[in-house]
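Values quoted throughout were computed directly from the atomic coordinates according to the rules given, and no laboratory measurement underlies them. These numbers were taken from a predicted model, which means no experiment stands behind them. Backbone-built Cβ (ideal geometry, glycine too); neighbour counts: all protein chains shown.
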Amino acid sequence: MKVTAVGGYRAIGRNMTGVSVGNDTVALDNGLRLDMLQMYDSDVTDVKRLSREDLIRLDVIPEMDRLKDVRANVISHGHLDHVGALPFTRPKAPVVSTPYAIEIGRREYREGDFYSVDYDQHYGVSRRIDVEFIRVTHSIPDTALVLLKTDEGNVVYACDYKFDDSSTLGKTDYQKIRKAGKDGVRALIVESTRIKEAGKTPPESVVKSMLDDILNSIDDGLIIATTFASHIERIQMIMDAVEKTGRKPLILGHSMMNHIELAERFNYLDMPPSARVYGTPKAINHALSEIRKNREDYFILATGHQAEPESVLVRMIENKFRFRFEKRDSLVFCASTIPVPLNIANRSVLESKLQSKGVRIFRDVHVSGHASKEDHRRLLDMLKPEHIVPCHGSLDQRSAWAALASEEGYELNKNVHLINNGQSITL
Ligand SMILES: [Zn+2]
C-alpha cells in the first residue's frame with residue numbers, strides 16, 4: 001500500500017492524499033487553498049481566470065497529476081478546502097461522498113460523475129478497494145470519516161472532525177469507529193489543524209449560551225452578526241437566538257443564500273418565518289434601505305467574518321449600499337480570525353472603521369470545528385492504527401501530531417510518517 005501526499009502537507013488547505021493498492025488509486029479530497037485567493041465564502045469565478053499551472057504554482061489547488069490510475073475521488077465533506085478544487089483538477093473518475101457534500105461538489109463541478117453514498121451503504125472502487133463513510137461531527141452537515149477497505153488492510157481518513165455530542169446535526173457514530181478499530185486499521189491519515197491545542201474542543205452548545213447572553217444584553221441599535229455561510233448549525237443557533245429577541249432577521253450574501261437553500265432542502269435548517277434572505281447586491285441594497293428608523297427592530301446576518309473585501313459586511317462599512325452604521329449598533333463576530341497575515345490585516349482595518357463610528361464589537365463568539373489534542377488521542381484509542389500519517393497542516397503542526405503519537409508508543413519514521421507534498425511512503 002502506498003500513501004501519497006499531494007496537497008495540504010505544507011500548509012492548511014488544498015487537501016489531497018492518494019492511497020494506492022496495486023494499480024488502483026483513491027484520491028482523498030480535492031480542495032482549494034482559500035486564503036491564497038481571499039475567498040473564504042465567495043464564488044470561485046475569480047479563480048477561474050487563472051490557468052491550472054498557475055493555480056498549482058500559487059499553492060491554490062493540489063497537483064493531482066502526481067497520482068496515477070485514480071479510480072475514485074472520495075470527498076470527506078463539503079468545505080471548499082476539501083471539495084473546491086474539483087472544477088480545476090477536473091477528475092474523470094467518479095466523485096464519491098455523502099449526500100450533502102455531493103450536492104456542494106456538483107454545484108462546483110457540473111460535469112463530474114457523482115455518487116452519493118449513505119452511511120449504511122458502501123461503494124466498490126475496484127476489486128481491491130471498497131469505501132464506507134462513518135458519520136462524525138464538524139462544522140458543516142454530513143461530515144464523514146472515510147473508511148477504505150482494501151486487500152492490503154484498511155485505511156481511515158479523518159480530515160476534518162471534532163467530537164461534539166451536543167450537535168443538533170447528527171451524532172458521531174462511535175460504534176462504527178470502534179468496529180473499524182477492531183477490524184484493524186493499517187493506516188490513519190488524520191488532520192492536524194488544532195493538534196497544538198491541549199484538551200478537548202468545546203461543543204457548539206457553548207456558542208449558544210454566549211449568543212443568548214450577548215443578545216439579551218443589547219436593547220438598542222441594529223445588531224449585525226457574521227459567521228461561516230456553510231456552518232448551518234451555527235446559523236440555526238443564531239436564528240433561534242434572534243427569534244427570542246423579536247427582531248426581524250435579514251440574511252445577506254450570495255454564499256449565505258446558497259448554503260441556506262441547500263440546508264433547507266436537506267432539512268438541516270429550520271428558518272424562522274420572519275427571516276428574509278437576500279443574495280444579489282440589488283436585493284441587499286433594497287433590504288438595507290428598509291432599515292432607517294427603528295434599527296432596534298432588525299438583526300442582520302451577513303458574510304464577511306474574515307473581512308473579505310467582497311463580503312457584504314465590508315461593502316456595508318465602505319458605504320457601497322444605502323446604509324450607514326450608527327453609534328450604538330453592535331457587531332457580533334461568530335468566527336475567529338483565521339491567522340494568516342491578510343485576514344489579520346483586513347480584520348483590523350474593519351474593526352477600526354467600526355469603532356470610529358461607535359459600533360460595539362463582540363469578538364470570538366465561536367468554537368472550533370476541529371479536534372484538539374485529547375480528541376485525537378481518543379480517536380487513536382478507538383482505532384489503534386498500525387501507522388499514522390498526519391495531514392492538513394504545516395510541518396510544525398504535523399510534528400505536534402508525531403509528539404502525541406510518541407506519547408502513545410509510536411515511533412517517528414517507523415509508524416508515524418511526516419511526508420511533504422509530492423512524497424509517498426510504502427506501508
Ligand atoms: Zn472542514
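Here are the numbers for the structure shown:
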| item | result |
| --- | --- |
| Low-density loop positions, GluC sites (Glu not before Pro), segment 381-427 - DSSP coil, at most 12 other Cβ in 10 Å | 411 |
| Computed FRET value (nearest 0.05) for residue 344 with residue 374, which takes r as the C-beta separation and R₀ as 25 Å | 0.35 |
| Pairwise label distance in nanometres, residue 264 with residue 412, each label 7 Å out on the Cα-Cβ vector | 5.2 nm |
| Relative contact order for segment 205-362, counting Cα pairs under 8 Å that sit 6 or more residues apart, in percent | 29 percent |
| Placed amide H near residue 113: partners under 5 Å, 5+ positions off or other chain | 95 |
| Backbone HN-Hα couplings from phi across segment 148-165 [Karplus 6.51/-1.76/1.60, Hz, Gly and Pro as x] | 9, 9, 10, 6, 10, x, 9, 10, 10, 10, 10, 7, 10, 6, 9, 9, 10, 7 |
| Extended-chain gain in nm, criterion 0.36 nm per residue less alpha-carbon gap, residue 425 and residue 243 | 60.2 nm |
| Whole-Å distance, taken between Cα centres, linking segment 199-247 and segment 339-401 | 19 Å |
| Inter-label distance, nm, simple model (7 Å from Cα along the C-beta direction), residue 179/residue 352 | 5.7 nm |
| DSSP-loop trypsin sites (Lys or Arg not before Pro) across segment 243-284, with at most 16 other Cβ within 10 angstrom | none |
| Ranked list, fewest to most other Cβ atoms within 10 Å of each Cβ, for 412, 380 | 412, 380 |
| For segment 205-362: rounded, prolate or oblate by the Cα gyration tensor [a/c cutoff 1.5] | rounded |
| Kirkwood hydrodynamic radius (C-alpha pairs) into Stokes-Einstein, the chain, 20 °C and 1.002 mPa s, D in µm²/s | 97 µm²/s |
| Rough spin-label spacing in nm, given labels placed 7 Å along Cα→Cβ, for residue 290 and residue 118 | 3.8 nm |
| Unsatisfied cross-links (Cα-Cα over 18 Å) in the set 320/353; 149/176; 171/384; 68/414; 179/373 | 171/384; 68/414; 179/373 |
| Helix-only CD estimate at 222 nm, as mean residue ellipticity for the chain, using -39500 (n - 2.57) per DSSP H run (n ≥ 4) | -9000 deg cm²/dmol |
